[in-house]
Amino acid sequence: MIDAGLPVRAFFTTRDGGVSVPPYESLNLAVHVGDEPHAVATNRARVADHAGVPVSYLVAEHGIAVARLTAPGESPPAADALVTTVPGVGLAAIAADCVPVLLHDSASGAVAAVHAGREGLFAGVIDATVAALLDIRGGHRARGQMRASIGPAICGRCYEVPVAMRARVAARHASAFATTRTGTAALDLPRAIETRLGELGLSGIVRSHECTAESSRLFSHRRDGVTGRFAGIVVCE
């Protein structure tokens, strides 16, 4: 597990410590990639044990929908961000190149887990999540008490995209503009997310610089094709 550096229990899993067999070895947490359901259930139970609470996993749609959960272990609707203010609720965002982002707002005690892929970032999922956390406060708008942790994701050196796609995303998020090691067009989503969080007023931002495509201890769909998913988990305390 990778500590997320937030003032609540929050961490990112790796691919180690589970029971899944290749190509999902071993701590695959996704139910939609073809892994044996009992293996995923066992893996998720181990993560819940580490979190100390039941964990609800978001079902990403690559949009900006934010769902608020009110009970431990609740099954969420499809959404790219989950938020809660209920102690004992654990939230999880799964990924295997996209960016898992965890947030904590000390003003309200709320936490959030976000799946931020290319399309979600472009559409505004980071903005929508911060707005949801501000709404929970009920009027107090200062954002300095929010902290965010950006998890491992594919880096700008590895995330090759068509030139037109880079131009489209960079027109909205200039810091996403990147170039691969071989000089082709690329996107740096973690950098763009860090920049956007700063623009939205957050100052306490922790960012992992571990690349999923480069690290053998992380799942990467782009590198491996059929593979598992890791997750970012945050617990409301």
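Observations
- Strands (runs of 3 or more DSSP E) completely within the range 130-230 that count 1 or more residues being surrounded by 16 or more Cβ atoms within 10 Å (Cβ to Cβ) and within 19 Å of the chain's Cα centre (by Cα): 146-150, 185-187, 204-207
- Filtering Val33, Val40, Val111 for residues that are under 15 Å from Arg229 (Cα atoms) and buried (at least 23 other Cβ atoms within 10 Å of the Cβ) leaves a single hit, Val40.
- Residue count for the range 1-46, restricted to those that are in contact with a Phe, Trp or Tyr (Cβ under 9 Å, 6 or more places away or on another chain), outside any loop (DSSP other than H, G, I, E, B) and in contact (Cβ under 8 Å) with a residue 60 or more places away in the chain: 2
- The set of residues in the range 175-200 being without any contact (Cβ under 8 Å) to a residue 12 or more places away in the chain, within 19 Å of Val125 (Cβ to Cβ) and not acidic (Asp, Glu) consists of Gly198 alone.
- Failed item in (1) within 29 Å of Thr13 (Cβ to Cβ); (2) at pLDDT 95 or above; (3) out of contact with any Lys or Arg (no Cβ under 6 Å at 6 or more places or on another chain); (4) not charged (D, E, K, R), with Ile150 passing the rest: (3)
- Yes/no for Ser75 being polar (S, T, N, Q), surrounded by fewer than 24 Cβ atoms within 10 Å (Cβ to Cβ) and not in a loop (DSSP other than H, G, I, E, B): no
The values are calculated or read from the model by the stated rules, or taken from the named source; none is laboratory data. These figures come from a predicted structure and were not determined experimentally. Because the Cβ atoms are built from the backbone with ideal geometry, glycine has one as well, and the counts that use them run over all protein chains shown.
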